[in-house]
1. Could you grab me the full set of residues in region 102-126 that are assigned to a loop (DSSP other than H, G, I, E, B) and more than 29 Å from the chain's Cα centre (by Cα)?
2. Sort out which residues of region 43-57 are surrounded by 16 or more Cβ atoms within 10 Å (Cβ to Cβ) and either modelled with pLDDT under 95 or part of a helix (DSSP H, G or I) (or both), and write them in order of number.
3. Assess whether residue 69 counts as being in contact (Cβ under 8 Å) with a residue 24 or more places away in the chain and not in a loop (DSSP other than H, G, I, E, B).
4. Considering only region 68-88, state which residues are over 19 Å from residue 26 (Cα atoms) and in contact with a helix residue (DSSP H, G or I) (Cβ under 6 Å, 6 or more places away or on another chain).
5. Pick from region 5-18 the residues that are free of Cβ contacts under 8 Å to residues at least 40 places away in the same chain and touching a helix residue (DSSP H, G or I) at 6+ places or on another chain (Cβ under 9 Å): which of them is surrounded by the most Cβ atoms within 10 Å (Cβ to Cβ)?
6. When you check residue 204 against the structure, is it surrounded by 17 or more Cβ atoms within 10 Å (Cβ to Cβ) and either modelled with pLDDT of 55 or more or outside any loop (DSSP other than H, G, I, E, B) (or both), yes or no?
């Protein structure tokens, strides 16, 4: 868990700082001299170096970290920044997982409680403004790293009761009889008669009733 000590008095310049980083080659060491080379010559600009350290973009000596180089890929830059923000302000995200949606005043109120009197209101206000400016440039809507795998859809399985219904239907089908295949056999016992007309009358009646 952590909270930052760094801030900038030029919060509106944060997008410019990051755009300048994206348009330049990564230095061996991110120093004041490198910032001047990016055309940020004010002493106030130097505060951005401390922010980069807390975001995990450079180490304590100013050497770019893997996160710095991942950020240089514009397709994932905002998401990489979001990862750094979540780590640097993890205490704030612990009390509000959507802290990136808060206004500067709302963030300031949360930080007052978290700092528990260890920092003055003026400093807390600058930290809150810096946080909001960083979040405005970041993207918290997607996965934080390019290695995150998309969620796989679970294979749809039949419920036990569905399986039982299907099996019963199969059994019923197997037991059913195709009426078209039935053959009818009729045995007729004829009476003894000497008169042929009797037999003729019997067979005529059979034809009329059985077709």
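The values are calculated or read from the model by the stated rules, or taken from the named source; none is laboratory data. Computed from a prediction, not measured in an experiment: that's the story for all the values here. Note: ideal-geometry Cβ built from the backbone for every residue, glycine included; neighbour counts use all protein chains shown.
1. Passing the criteria: 116, 117, 118, 119, 120.
2. Matches in region 43-57: 45, 47, 48, 49, 51, 52, 53, 54.
3. Yes.
4. 85, 86, 88
5. 17
6. For residue 204, the condition - surrounded by 17 or more Cβ atoms within 10 Å (Cβ to Cβ) and either modelled with pLDDT of 55 or more or outside any loop (DSSP other than H, G, I, E, B) (or both) - is not met.
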